[in-house]
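The structure under discussion appears below in the form of structure tokens.
The values are calculated or read from the model by the stated rules, or taken from the named source; none is laboratory data. Only a predicted model underlies this, so the values are computations on that prediction, with no experimental measurement involved. Note that each Cβ is placed from the backbone with ideal geometry, even for glycine, and that neighbours are counted across all protein chains shown. Surface areas here come from the heavy atoms of the whole protein model, side chains and all, with no ligands, DNA or RNA. Shrake-Rupley method; radii C 1.70, N 1.55, O 1.52, S 1.80 Å.
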Amino acid sequence: MLEAGAWYDCTKQSDMLQWPYNAPHRAARSKAKPFGYFDATLVGGWQVPGEPYTNAPGTDWLWWRARMLGGRTNHYGRISLRMGPYDFKTRSRDGKGFDWPISYEDLAPYYDKAEELIGVFGTNEGLENTPDGKFQPAPAPRGYERVIKITCDKLGIPCIPSRLAILTQPLNGRPACHYCSQCGRACGVNANFNSPGVHIFPAMKTGNLEVRTGAMAREVVVGRDGLARGVAYIDTKTRRDETVYAKVVVLAASCCETARIMLNSKSGIFPNGIANSSGLVGRYLMDTVGSPVGGHLPILEDLPPQNEDGVGGNHMYMPWWLYKEQKAGQMPFSRGYHIELGGGRGLPGSGALGGSDQILGGGYGLELKRNLRKIYGANIYFDGRGEMIPNDDSYCEIDPNTLDRWGIPVLRFHFKWSDDEILQAKHMQETFQQIIEAAGGKVLYKSGAEDNWGISKGGEIIHEVGAARMGDNPKTSVLNPYCQAWDCKNLFITDAAPFVSNADKNPTLTITALGWRTSEYIADQVKKRNLAV
């Protein structure tokens, strides 16, 4: 296995229990650490030193990369939602986008296996297009989450326990979460899912896996027969060109990085990049729609202090609930979103009481301190995570004029939201404000038409998918239903690049399930001698 970044072991390198006052500026975020000083990302973020990307005119795409073993699984939110039956057949349902060549029923057994291996908490609710799973017990709601649950019940919005890849019971030698709420710093006891602790290190113990860190992949090497022969990479320590040879090559570099490797893998057989006879490598790039609203709930003021840290994420969330109205044509946009929420008395860091002047009107001295203690933990915020429909204007390509520090051509992005996504963001804004006001609160920040309803920038939610989609026709897709390249039968992709659509369910669990299904297929093809090893 080739890893572009450095070695990382969360049980030895996590800053999980560090205090903000042990870091510069109370651990405030910075350009080098956009998610805070103790965020688990070793090297990376919105920019990686010496590894630029470019945007076409009119595009403001953001690309988060983590150069470390396990990549973004070390710090992501661990939200683990199954895509539902509707999500695999979106075009059949509303005439937009594309259908997957597989169904929910095809992937359901692998969702089961993935959840049981990584450990996901949640509850079985029987909701429309929100499949239940193999769950560990969910933690109890925090105080502010109970208030929102009561409010949502009155408004007819489902509010149920979250589904996160964090252990509430021991599993395979991993302990249960101790509720320090610092999952983004990486878990020092391996209680949340991260690919090194759950996948890579156990695989290494078999003796069948060698991991090479500091290996920046340049291209897939192709033989005269059109088959992949290995991967050419740069050793980032010696800066020497190296090649590792293989009978089967699997790309799982993350959606856009995989597309970059494929587009840079040019040869006489593949002049436009490996497995790109369809011309679709890099095309139909998608991200998740987001739009935040924040508020203040007086009912939460001046409560007795108590530990409500919990897991590093929300204990409750709201799945999309308007499928019937959408099917009946009663909504101004297609597809939906789920709602994530936050608040409460988390570990105070830099900026924890910012914006208090909107509530208190100012203050000084002892009185100000008393008032700040009174309102601390009474703020609430919501953000949507909505589906984007693939469009012809959103894609990545090789920038012919820019190289990174390793001499590898970089990506250039093109991106555009459609009216469906913008109107979805408008609905988010209206819904979140309605919830805050129905709970007796005051809206502190919101967005309107003048700023596109607060819709996130492309890539900002860090859910980029697509760029090498699967399908049932080699003319209209890059991969077959098993994530195998149509043009190169010993090349497979097991990240989010094969996605045909980007449901309102965060992609990591589906990446894991698809990867498991593809792995079984590779083993079966080897056994049948359709692939040589």
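Within the stretch 468-511, count every residue that is small (Gly, Ala, Ser) and touching a Lys or Arg at 6+ places or on another chain (Cβ under 7 Å). Write out each step before concluding.
Of the residues in the stretch 468-511, the ones small (Gly, Ala, Ser) are 468, 471, 477, 485, 496-497, 501, 503.
With the extra rule that they be touching a Lys or Arg at 6+ places or on another chain (Cβ under 7 Å), the set shrinks to 477.
The qualifying residues number 1.
Could you check the stretch 91-106 and list, in sequence order, the residues that are of a type in the set (Gly, Ala, Ser) and either free of Cβ contacts under 8 Å to residues at least 24 places away in the same chain or closer than 28 Å to Gln47 by Cα (or both)?
Within the stretch 91-106, the subset of a type in the set (Gly, Ala, Ser) is 92, 95, 97, 103.
The answer is Ser92, Gly95, Ser103.
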Seminar exercise, completed: Checking Ala203, Ala176 in turn, the sole residue that is of a type in the set (Gly, Ala, Ser) and in a loop (DSSP other than H, G, I, E, B) turns out to be Ala176
For this session: Report yes if Gly384 is open to solvent by less than 40 Å² (accessible area, probe 1.4 Å) and outside any helix (DSSP H, G or I), otherwise no.
Result: yes
Seminar exercise, completed: Per the list (1) touching a residue at least 40 places away in the same chain (Cβ under 8 Å); (2) on the phi > 0 side of the Ramachandran plot; (3) surrounded by 15 or more Cβ atoms within 10 Å (Cβ to Cβ), residue check on His25 breaks on (3)
For this session: Could you grab me the full set of residues in the stretch 475-516 that are crowded, with 21+ Cβ neighbours inside 10 Å, of a type outside the set (Gly, Ala, Ser) and farther than 30 Å from Gly290 by Cα?
Result: Gln484, Cys488, Asn490, Leu491, Phe492
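Considering only the stretch 272-345, give the strands (runs of 3 or more DSSP E) lying wholly within it that have at least 3 residues that are surrounded by fewer than 20 Cβ atoms within 10 Å (Cβ to Cβ). Outline the logic, then answer.
Numbers: elements: 292-296, 316-318, 337-343.
Passing ranges: none, list empty.
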For this session: Check whether at least one residue in the stretch 260-270 is closer than 21 Å to Arg67 by Cα, within 29 Å of the chain's Cα centre (by Cα), touching a residue at least 40 places away in the same chain (Cβ under 8 Å) and part of a strand (DSSP E or B), and report yes or no.
Result: no
For this session: Please go through the stretch 398-429 and pick out each residue that is among the aliphatic types (A, V, I, L, M), open to solvent by 30 Å² or more (accessible area, probe 1.4 Å) and either farther than 26 Å from Ala259 by Cα or assigned to a loop (DSSP other than H, G, I, E, B) (or both).
Result: Ile422, Leu423
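From the set of residues in the stretch 7-16 that are outside any helix (DSSP H, G or I) and in contact with a Gly (Cβ under 7 Å, 6 or more places away or on another chain), which is surrounded by the most Cβ atoms within 10 Å (Cβ to Cβ)? Let's see the steps before the verdict.
As a first pass, look at the stretch 7-16 and keep what is outside any helix (DSSP H, G or I): 7-9, 14-16.
Subset that is in contact with a Gly (Cβ under 7 Å, 6 or more places away or on another chain): 8, 14, 16.
On the way: Tyr8: 25, Ser14: 21, Met16: 22.
So the residue we want is Tyr8.
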For this session: Within the stretch 219-235, track down each residue that is closer than 15 Å to Gly273 by Cα and in contact with an Asp or Glu (Cβ under 9 Å, 6 or more places away or on another chain).
Result: Gly226, Val231, Ala232
Seminar exercise, completed: Note on the stretch 355-371: residues of a type outside the set (A, V, I, L, M, F, W, C) and in contact (Cβ under 8 Å) with a residue 40 or more places away in the chain are Gly355, Gln358
Problem set entry | Leu403 farther than 25 Å from Ser447 by Cβ and without any contact (Cβ under 8 Å) to a residue 12 or more places away in the chain | yes
Exercise. Here are some conditions: (1) buried (at least 19 other Cβ atoms within 10 Å of the Cβ); (2) modelled with pLDDT under 95. Met470 meets all but one. Which one does it not meet?
Worked result: (2)
Exercise. Of the conditions (1) buried (at least 21 other Cβ atoms within 10 Å of the Cβ); (2) touching a helix residue (DSSP H, G or I) at 6+ places or on another chain (Cβ under 7 Å), Leu209 fails just one. Which one is it?
Worked result: (1)
Exercise. Of everything in the stretch 236-266 that's in contact with an Asp or Glu (Cβ under 6 Å, 6 or more places away or on another chain) and open to solvent by 40 Å² or more (accessible area, probe 1.4 Å), which residue is nearest to Pro409 (Cα to Cα)?
Worked result: Glu242
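Listed here are the residues, each with its yes/no results for (1) in contact (Cβ under 8 Å) with a residue 12 or more places away in the chain; (2) surrounded by fewer than 20 Cβ atoms within 10 Å (Cβ to Cβ); (3) not hydrophobic (A, V, I, L, M, F, W, C).
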| residue | (1), (2), (3) |
| --- | --- |
| Arg82 | yes, no, yes |
| Lys89 | yes, yes, yes |
| Ala108 | yes, yes, no |
| Lys113 | yes, yes, yes |
| Gly126 | no, yes, yes |
For this session: Return a yes/no flag: does the stretch 213-223 have any residue that is of a type in the set (Gly, Ala, Ser) and within 18 Å of Met318 (Cβ to Cβ).
Result: no
Exercise. Restricting the search to the stretch 144-169, which residues are more than 21 Å from Asp132 (Cα to Cα) and either free of Cβ contacts under 8 Å to residues at least 12 places away in the same chain or open to solvent by 50 Å² or more (accessible area, probe 1.4 Å) (or both)?
Worked result: Arg146, Ile150, Lys154, Leu155
For this session: Would you check if there is a residue in the stretch 199-211 being free of Cβ contacts under 8 Å to residues at least 60 places away in the same chain, touching a strand residue (DSSP E or B) at 6+ places or on another chain (Cβ under 8 Å) and closer than 28 Å to Pro49 by Cβ?
Result: no
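I'd like to check something: does the stretch 55-62 contain any residue that is farther than 19 Å from Ser350 by Cβ, open to solvent by 20 Å² or more (accessible area, probe 1.4 Å) and in contact with a His (Cβ under 6 Å, 6 or more places away or on another chain)?
Checked against the condition, which is being farther than 19 Å from Ser350 by Cβ, open to solvent by 20 Å² or more (accessible area, probe 1.4 Å) and in contact with a His (Cβ under 6 Å, 6 or more places away or on another chain), the stretch 55-62 yields at least one hit.
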